[in-house]
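Single-structure report; data block below.
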Amino acid sequence: MAVAGYFKRAIKNIKENGFISCLTIVTISLLVLMVSTFILFIDNAGRVMDSWKSGIRIMVYIKPDLSDSAIDMLKEKISDFQEVEEVWFIPREQALDLLKKQMGHQAPILDDLKENPLPDAFEIAIGKGPGQHALTYDQIQILASNIRRFSQVEQVEYGQQWLERFSSIFDFFRVIGFAIGSVIVFAATFILANTIRLIVYARQDELQVMRLVGAYDRFIKTPFYLQSIILGGLGAAIGLAVLYAGYNYWFSSAETWFLSVDIGFLSSRACMVIIFSSMFLGWLGCHFSLKKFLKD
Amino acid sequence: MIVDENKNAVIRLFHVHRYYKKKKALVDINLDVTKNEFVFINGPSGAGKSTLLKLLYLEEQATRGHILVEGINLSRIKKKNIPDLRRKFGVIFQDYKLISTKTVYENIALVLEATGKKRREIPKKVRGVLKTVGMEGCEDAYPLTLSGGEQQRVAVARAVSVDPDIILADEPTGNLDNKSAGIILQLLNRFHMRGATVIVATHDLNLIRKKGGRVVNLKEGYINNVFFLEPPRTQWQWLDTLKEP
């Protein structure tokens, strides 16, 4: 039997079992909505995190009394790191002026100083790591310790405690996200398998007749598999459409400036992966359901 | 080793047993059915008639013994070859097994499609078999809108639509009035005349009287008696042999 014939039968089966088909699509849509909302959250949380991390500056305080050539050489060495985007030299005088500006009306306190206590320093802007992702906390830490190894460097600061805490919170969320996501995917397969089992139950007379008159397994199974794949794909597409509508509603009107990054929707690639995964789960659910019914 | 002595036999059972856990449904059944024979499997409820038919088209498997269908040993058949075996049979079920959500036409067309009939040949074939069983014009009716007799005629049409070599009918008149039962018997007889081997499982002695033929009488899973019943008018003297001792 031609593939077109199997497709026709699958579509006909969906129409004939309209209620259960709708129920399956709604169930899959809800599951996809839950999973993709989670993915959207994790994805955007990562983006916010990346944007915050790309704003991080490493301050390198250098030892006093270095010659200009030594300072230039050090700047060159620091610039050679792949992760370093830009390096600015901040002379101690400029640093003091900056401090005075920041202190505002309390600045006169600094006037009493006999000598400038601040060291010369480099301010480093961090670029992207391999794969154009913002550097991880570990990568920043390695970069800082590599810079610290230069003999001319006195101290390196990059908001270690703040970054460490933030990174660990984000990692925790990500682990929880994956755990919940895995549970949802497992539940989705289970629910899908059972919903498809309902379809198989509804048509078990037909299956039995086909089996007893000598239909080959592929004749019986293929339309079911196609039907499940179609329902899986449709359900996922509807779930994503609902998510997109919700995303448009919430994030086009709400102020998201405080996150300092645009909240983006899932990439088309991610959407395709979700749709294909749902189709695969449909196939899997069908496989488990039919296995029970088609034992000879 | 099975020695094939009866070359005309299309079905051969050698010491066939079928147990459901400890319950003996069939015990040591030996039986040959020759080509184009009309055989009745008779006996009270629970005698093993339906089980015997189910073993032939492999809805169930024998616990012990060997069954040959057109030379194929069913105890050694590969799973992938079971559909081909089943295509040799046209099975008429006691409960009709018509799909209630499909029309009469779709019920028959599904079987034709399932057994590999070309799509363009299906409409003609369906109309043909419906005409044969006197159900032309009922293509669009749903089974539940038909009487029991009509449903069984559709079931017969479905069974014979695949031009089977062997027709198995399990209590084909079990739920029908005399007139409808007569029609079904006539139909079975017609396909028998066309060359099919027919095996009918029935407890209905009247049905057997009307047709005549070889009768295999089962009792509690054993073959109690095998005899030949003459066709109508000369058969009445045999009736006593069917009565319980």
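Readers should treat all values here as calculations from the given coordinates under stated rules, not as data from a laboratory. What you are looking at is a predicted structure, and each value in this text was computed from that prediction instead of being measured. No Cβ is skipped: glycine too gets one built from the backbone with ideal geometry, and neighbour counts run over all protein chains shown.
From its DSSP helices (H runs of at least four residues, each -39,500 (n - 2.57)), chain B gives a residue-normalised ellipticity at 222 nm of -9000 deg cm²/dmol.
Helix-only estimate, please: 222 nm mean residue ellipticity of chain A, summing -39500 (n - 2.57) across DSSP H runs of length 4 or more and dividing by its residues, to the nearest 500. Don't jump to the answer; show the numbers that get you there.
Working: 10 runs with 206 residues, N = 296.
Helix contribution divided over all residues of chain A: -24000 deg cm²/dmol.
Applying 1/(1 + (r/R0)^6) with r as the Cβ-Cβ distance of residue B:21 and residue B:225 and R0 = 41 angstrom yields a FRET efficiency of 0.90. Footprinting exposure proxy ranking of A:175, B:69, A:60, fewest other C-beta atoms within 10 angstrom first, gives A:175, B:69, A:60. Relative contact order for chain B: 25 percent, from Cα pairs under 8 Å spaced at least 6 residues apart, divided by residue count. Bridging of residue B:131 to aspartates and glutamates at a Cα separation below 13 Å is possible for B:139, B:150, once same-chain residues fewer than 8 apart are set aside.
Please list, by residue number, every one of the GluC sites (Glu not before Pro) in the range B:1-87 that is coil in DSSP and has at most 12 other beta-carbon atoms within 10 Å. Walk me through the intermediate numbers first.
Details: sites: B:5, B:37, B:59, B:60, B:70; in loops: B:5, B:37, B:59, B:60, B:70.
Of the GluC sites (Glu not before Pro), the ones in loops of the range B:1-87 whose Cβ has at most 12 other Cβ atoms within 10 Å are B:5.
Placing +1 on the Cβ of every Lys and Arg and -1 on the Cβ of every Asp and Glu, with no other charges, gives the range B:60-150 a dipole of roughly 660 debye about its Cα centre.
Stokes-Einstein diffusion coefficient for the range A:57-158 at 37 °C in a medium of 0.692 mPa s, Rh from the Kirkwood formula over Cα pairs: what value in µm²/s?
Numbers: Rh = 14.8 Å.
Value of D from the Cα-based Kirkwood radius: 222 µm²/s.
Based on the Cβ-Cβ distance from residue A:11 to residue B:28, what FRET efficiency comes out when R0 is 51 Å, to the nearest 0.05?
Details: r = 51 Å, r/R0 = 1.01.
The pair residue A:11/residue B:28 has a calculated efficiency of 0.50.
Could you work out how far helix A:18-54 tilts from the main Cα principal axis of chain A, as a 0 to 90 degree angle to the nearest 10? Rounded to the nearest ten degrees, it is 10. Dividing the Cα radius of gyration of the range A:185-229 by 2.2 N^0.38 Å, with N the residue count, gives 1.28.
Determine Rg/Rh for chain B; Rg is computed over alpha-carbon atoms and Rh is the Kirkwood hydrodynamic estimate from the same atoms. Write out the running numbers ahead of the final one.
Values: Rg = 17.9 Å, Rh = 18.6 Å.
Taking Rg over the Kirkwood Rh, I get 0.96.
The modelled label-to-label distance between residue A:89 and residue B:175, using points 7 Å beyond Cα along the C-beta direction, is 10.0 nm.
Step by step: find N for the protein assembly as shown, compute 2.2 N^0.38 Å, then divide the Cα radius of gyration by it. What's the final number? Could you put the intermediate results ahead of the total?
On the way: Rg = 40.4 Å, N = 541, 2.2 N^0.38 = 24.0 Å.
Relative to the 2.2 N^0.38 Å estimate, the protein assembly as shown comes out at 1.68.
Close amide H pairs (under 5 Å, H built 1.01 Å from N) link residue B:25 with B:18, B:19, B:20, residues at least 5 positions away or on another chain. If the cut-off is a Cα-Cα distance under 20 Å, which lysines reach residue B:124, setting aside same-chain residues fewer than 8 apart in sequence? List returned: B:102. Taking the longest Cα principal axis of chain A as reference, the axis of helix A:68-79 is set at about 0 degrees.
Output the antiparallel fraction of DSSP beta bridges having both residues in the protein assembly as shown, as a percent to the nearest 5.
Details: 38 of 56 bridges.
So the antiparallel bridges in the protein assembly as shown amount to around 70 percent.
The count of lysine pairs in the range A:57-158 that are at least 8 places apart or cross chains, and whose C-alpha atoms lie under 27 Å apart, stands at 11. Excluding same-chain residues fewer than 8 positions from residue A:12, which aspartates and glutamates have a Cα within less than 13 Å of its Cα? Result set, ordered by chain and number: B:106.
Using only Cα atoms, tell me the angle between helix B:148-160 and the longest principal axis of chain B; keep it within 0 to 90° and round to the nearest 10. Result, in degrees: 80.
Between residue A:146 and residue A:23, what length in nm is gained on full extension when 0.36 nm per residue of separation is reduced by their alpha carbon distance? Could you put the intermediate results ahead of the total?
On the way: separation 123, 0.36 × 123 = 44.28 nm, distance 5.89 nm.
Using 0.36 nm per residue and subtracting the Cα-Cα distance, I get 38.4 nm.
Efficiency by 1/(1 + (r/R0)^6): what FRET value for residue A:30 and residue A:269, r their Cβ-Cβ distance, R0 = 25 Å, to the nearest 0.05? Could the numbers behind the result be given before it?
Values: r = 23 Å, r/R0 = 0.92.
With a Förster radius of 25 Å, E is 0.60.
Inter-chain neighbour count for B:110-116: the average number of beta-carbon atoms from partner chains within 10 Å of each residue's beta-carbon is 6. Taking amide H positions as modeled 1.01 Å from N, with prolines and chain starts lacking one, the residues under 5 Å from residue B:65 and 5 or more places away or on another chain are B:17.
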